[in-house]
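The block underneath contains the structure these notes are about, expressed in structure tokens.
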Amino acid sequence: MAGAVHTDEDEIRADVEAYLRAHEQKELLRFVVIGSVDDGKSTLIGRLLHDTGRVYEDQLNAVKRASARGATRGAGSEAEVDFSLFTDGLRAEREQGITIDVAYRYFTTPRRKFIIADTPGHVQYTRNMATGASTANVAVILIDARLGVLAQTRRHAYIAALLGIPHLVACVNKMDLVGWDEATFARIRDELTTFARGTGIPDVTCLPVSALRGDQIAQRGDAAPWYDGPTLLEHLETVPIEADRNLVDLRFPVQYVIRPSLDYRGFAGQLASGVLRAGDEVIALPSGRRSTVASIDTFEGPIAEAFAPMSITVRLADEIDVSRGDMLIAAGAARRPAVGDRLDAMLVWLSERPLDPGRSYLLKHTTRVVRADVERIDGVIDPETLAPEPATRLSLNDIGRVSIHCHQPVFFDAYADNRATGAFILIDSLTNDTVAAGMIRGATTGAARDDGPRAQVSAAERRARLGQAGAVVTVGGRDADEAHGRAFLIERVAFDAGHVAAVVDAAAADAVAAAGMWAIVAAPGAGGARLDGAEVHLPAAASADDDEALARAVLAALELGGKRGATEPFD
Amino acid sequence: MSTLDPRRLSHLRQLEAESIHILREVAAEFDRPVMLYSIGKDSSVMVRLAQKAFAPGPLPFPLLHVDTTWKFRAMYEFRDRFCAEQGFELLVHKNERALADGINPFDHGSNKYTQVMKTHALLDALRLYGFDAAFGGARRDEERSRAKERIYSFRDQHGQWDPKHQRPELWSLYNGKVKRGESIRAFPLSNWTELDVWQYVWLENIPIVPLYFAAPRPVVERDGALIMVDDERLRLRPGEVPRTEVVRFRTLGCYPLSGAIRSTATTLPEIIQEMLLARFSERQGRLIDHDEEGSMEVKKREGYF
């Protein structure tokens, strides 16, 4: 067993002031540790805390006492200390031997200060994983070397990608239990890397480790001579995170107006992204009024330049109306935030009470709170395949793509471009619970723009009249004739059932669907049929060339969506 | 490395920016916030961050000291001078009924005493003034159950914390919606560690109570802790004779419940050096946590900070 590592102890003894000055320059890195139950997450975190000297002797003694009582496993002879106990927080968890809520842990090295979000790995706790991932720079995913990449591992990587974490580190743990077999590691590494890259995570690294024994966590160990990469700690200390910040697009959500006297009006807030200089010309949203930055004030006095994520106070040269919830952006910006009231977004549903499309929620985005309703569920991610499937419900731990209508405009960027201005939460206005976390993909089709005329007929009104929600069906076939034949059959079947459907060119499909109709597109070569991008499954009994069965299956899927649309109230 | 990047915030400046964001968010979203002021180093840092958040204006909320009447004399002196100098509105609240009943840390055990003099007094004060949000200087690295505390910690009408039904907290989008009588405890220092706090005190030259620095002080050794004989109310047990030792305190609370450590550290760097080399965690000096395993969680469920 490795002892505690106090790498900087000599330095602290010799010259503490030099040590402190050096530590003033440290960076901050947040990471989330995710993994399935029993992958050894708590042990890994306990290891990191212990091996970086973060565990004090009284804590160690308390944990040793608890380890001896055999709180979570029979007292192992190998491990005198149960490292997982360092991270057990709440009574209920200690009693059940599981982790039920996100906990935050801290440790530091001479290079960086680290904040760990320790998230539970049970299937039903997607909520906690999303919470921990929302602020993380790096995701550390644990994989049991004996089990390899499981559906749950893929789910975790998917959530890390969904929450926009740019760096993924996969720790293939319990390597000691597979004899440190290099081929096993290589197979898991290749599978995971391929999958994670596919989800859009740009930086993926894999390490062979044993959290229990401490190999490749903070210390290299000699168990895997074939491995010449960094330890987990080395990697966390050096992974470049500077470039992840957006210092290009100025976004300054106004949080609070400081007005101590008639001569002073300062707009206080934290820069979400970009750089702001005194003298810069800015535009205030939503008014669109322009002004110039007269000064950037701090407690220490005015500064010439501020950058994200600094908290500052801005004074403007002109008396324009700006209040909490407004946003300052650069006047000459190449990329402006979208201004609109319709959002295409991914939602992670966090509440026991499922999404109620008939209900309006409070949407908090930057410093702005508006009423909003979810107009449509465009699909729910299947937890096994991670593909979107048509759905009418969004329940606890579901991830869905939705169309949201805000009752007042918000100023947003796509989450993929800007985590700070692309994220929102939904609050149930009756219970006040936080019910969903949202990541904006963009404006929905036909969304009102800040400078153009607005649509007068809402999607909800169209649904109420037509008794169906607009949809796009793509139908395949071996050649153009077969695909078109099927498309016309679906149109006939839908028409006979009282619906409004039309076979159209692919280019027209979205517009037709936006008008509330079912657009049917023939796509030779594609095989099968897809509804809004999701595969429509044939009944098990039907053969692949049974066009009639295919048309009926498509109609059933469409009606499932259509019925929902028809019963939704609208404002 | 990226140390050459001029547009880079050190970890302390990043923590500072986040704390200021939290302070402003609460001030903007609540009708009647208050800042719990306990006179310790964490309070000193929190107050400085609040000054930074609202400069050049005054703090848009009062400070509230829940006074057990058993704090060190040096703490009262510091409190009164500091608040007067800085022009803060200071509210002091005591559980007068419990004081009249003679509740004290000797006869009633630290558990009962804390519940009555701190938790009950705090809840009384919040009700009395109608505060809907209260800032506290607690850090998540202090204790195991604190590690799961939200930055906006929801409390029901009785001020109770329900750790199993906490609101999910994502990004820096805090949910401050409460019904009448419910409240939020907001913790701007959640992500600071003890080292961060000390380093910031040093960097920013923030005034702290002199008890943190070593000096000759009258103490008795009791139940393995060094207790300072701060006034005549400390009842000496048979055989206890106060003696002068050079000691200091890592954390400050009620003097009969605060253990001193033997130390010669008289400057901030020396304190930090000692802290870094220390092998015992901060709360061990506080006797109130030792009553039972998980005692902090029990207190917090009841409404303690």
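The values are calculated or read from the model by the stated rules, or taken from the named source; none is laboratory data. Keep in mind that what you see is a predicted model, and the values were worked out from it rather than measured. Every residue, glycine as well, gets a Cβ built from its backbone with ideal geometry; the counts of neighbours run over all protein chains shown. Surface accessibility is based on the protein's heavy atoms, side chains included, excluding ligands, DNA and RNA. Shrake-Rupley method; radii C 1.70, N 1.55, O 1.52, S 1.80 Å.
Summary of computed values
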| item | result |
| --- | --- |
| Single unsatisfied condition, residue A:242 versus (1) open to solvent by less than 30 Å² (accessible area, probe 1.4 Å); (2) closer than 29 Å to residue A:330 by Cα | (1) |
| The stretch A:16-33: number of residues that are outside any helix (DSSP H, G or I) and either facing another protein chain (nearest Cβ under 7 Å) or under 19 Å from residue A:53 (Cα atoms) (or both) | 8 |
| Unique match (being farther than 20 Å from residue A:40 by Cβ, of a type outside the set (Asp, Glu), within 13 Å of chain B (Cβ to nearest Cβ) and touching a residue at least 40 places away in the same chain (Cβ under 8 Å)) among A:119, A:135, A:199 | A:135 |
| Members of the stretch A:271-302 that are within 12 Å of another protein chain (Cβ to nearest Cβ), of a type outside the set (Gly, Ala, Ser) and farther than 15 Å from residue A:254 by Cβ | A:275, A:277, A:298, A:299, A:300, A:302 |
| The stretch A:249-270, residues that are touching a residue at least 60 places away in the same chain (Cβ under 8 Å) and more than 7 Å from chain B (Cβ to nearest Cβ) | A:249, A:250, A:251, A:252, A:253, A:254, A:257, A:267, A:269 |
| Wholly within the stretch B:73-178, strands (runs of 3 or more DSSP E) carrying at least 1 residues that are among the β-branched types (Val, Ile, Thr) | B:90-93 |
| Qualifying strands (runs of 3 or more DSSP E) (wholly inside the stretch A:455-525; at least 1 residues being touching a Ser or Thr at 6+ places or on another chain (Cβ under 9 Å)) | A:518-522 |
| Residue in the stretch B:160-167 that is touching a helix residue (DSSP H, G or I) at 6+ places or on another chain (Cβ under 7 Å) and closer than 30 Å to residue B:12 by Cβ present | yes |
| Failed condition for residue A:400, given (1) part of a strand (DSSP E or B); (2) surrounded by fewer than 22 Cβ atoms within 10 Å (Cβ to Cβ) | (2) |
| Contacts under 7 angstrom Cβ, first residue in the stretch B:21-32 being without any contact (Cβ under 8 Å) to a residue 60 or more places away in the chain and at the interface with chain A (Cβ under 7 Å from one of its Cβ atoms), partner surrounded by 19 or more Cβ atoms within 10 Å (Cβ to Cβ) and assigned to a helix (DSSP H, G or I), 6 or more apart | B:24/B:53 |
| Test result for residue B:147, surrounded by 21 or more Cβ atoms within 10 Å (Cβ to Cβ) and more than 9 Å from every other protein chain (Cβ to nearest Cβ) | no |
| Failed item in (1) in contact with a strand residue (DSSP E or B) (Cβ under 9 Å, 6 or more places away or on another chain); (2) surrounded by fewer than 22 Cβ atoms within 10 Å (Cβ to Cβ), with residue A:422 passing the rest | (2) |
| Residue B:189 being assigned to a loop (DSSP other than H, G, I, E, B), at pLDDT 90 or above and over 27 Å from residue A:126 (Cβ atoms) | yes |
| Sole exception among (1) among the acidic types (Asp, Glu); (2) under 19 Å from the mean Cα position of the chain (by Cα); (3) under 27 Å from residue B:301 (Cα atoms) for residue B:77, by number | (3) |
| Contacts under 6 angstrom Cβ, first residue in the stretch B:201-214 being more than 14 Å from residue B:49 (Cβ to Cβ), partner of a type in the set (Ser, Thr, Tyr) and buried (at least 18 other Cβ atoms within 10 Å of the Cβ), 6 or more apart | B:208/B:44; B:214/B:263 |
| So residue A:410, is it over 21 Å from residue A:161 (Cα atoms) and crowded, with 24+ Cβ neighbours inside 10 Å | yes |
| Hits in the stretch B:75-124 - residues which are open to solvent by less than 20 Å² (accessible area, probe 1.4 Å) and at pLDDT 95 or above | B:75, B:78, B:82, B:83 |
| Which numbered condition residue A:90 fails, given (1) modelled with pLDDT of 60 or more; (2) open to solvent by less than 40 Å² (accessible area, probe 1.4 Å); (3) at negative phi; (4) facing chain B (nearest Cβ under 10 Å) | (1) |
| Residue within the stretch A:270-278 that is closer than 23 Å to residue A:335 by Cβ, touching an Asp or Glu at 6+ places or on another chain (Cβ under 7 Å) and open to solvent by 50 Å² or more (accessible area, probe 1.4 Å) present | yes |
| Residue ID - nearest to residue B:278 (Cα to Cα), chosen from residues in the stretch B:234-262 that are surrounded by fewer than 20 Cβ atoms within 10 Å (Cβ to Cβ) and touching a residue at least 40 places away in the same chain (Cβ under 8 Å) | B:251 |
| Count - residues of the stretch B:141-158 that are in contact with a strand residue (DSSP E or B) (Cβ under 7 Å, 6 or more places away or on another chain) and of a type outside the set (Ser, Thr, Tyr) | 6 |
| Leading residue by the ranking (surrounded by the fewest Cβ atoms within 10 Å (Cβ to Cβ)) among those in the stretch B:170-183 that are within 11 Å of chain A (Cβ to nearest Cβ) and charged (D, E, K, R) | B:179 |
| Within the stretch B:150-166, considering residues that are open to solvent by less than 20 Å² (accessible area, probe 1.4 Å) and of a type in the set (Phe, Trp, Tyr), the one nearest to residue A:163 (Cα to Cα) | B:152 |
| Subset of the stretch B:1-14 that is more than 7 Å from chain A (Cβ to nearest Cβ) and part of a helix (DSSP H, G or I) - its residue that is modelled with the lowest pLDDT | B:4 |
| Positions within the stretch A:366-384 being assigned to a loop (DSSP other than H, G, I, E, B) and out of contact with any helix residue (DSSP H, G or I) (no Cβ under 9 Å at 6 or more places or on another chain), in sequence order | A:382 |
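Quick grid of which residues meet (1) within 20 Å of residue A:402 (Cβ to Cβ); (2) touching a residue at least 40 places away in the same chain (Cβ under 8 Å):
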| position | (1), (2) |
| --- | --- |
| A:474 | no, yes |
| A:481 | no, no |
| A:489 | no, yes |
| A:495 | no, no |
| A:525 | no, yes |
| A:531 | yes, yes |
| A:534 | yes, yes |
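Let's see how each residue does on (1) open to solvent by less than 10 Å² (accessible area, probe 1.4 Å); (2) in contact with a strand residue (DSSP E or B) (Cβ under 9 Å, 6 or more places away or on another chain); (3) facing another protein chain (nearest Cβ under 9 Å):
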| residue | (1), (2), (3) |
| --- | --- |
| B:136 | yes, yes, no |
| B:139 | yes, yes, yes |
| B:168 | no, yes, yes |
| B:185 | yes, yes, no |
| B:192 | yes, yes, yes |
| B:195 | no, yes, yes |
| B:199 | yes, no, yes |
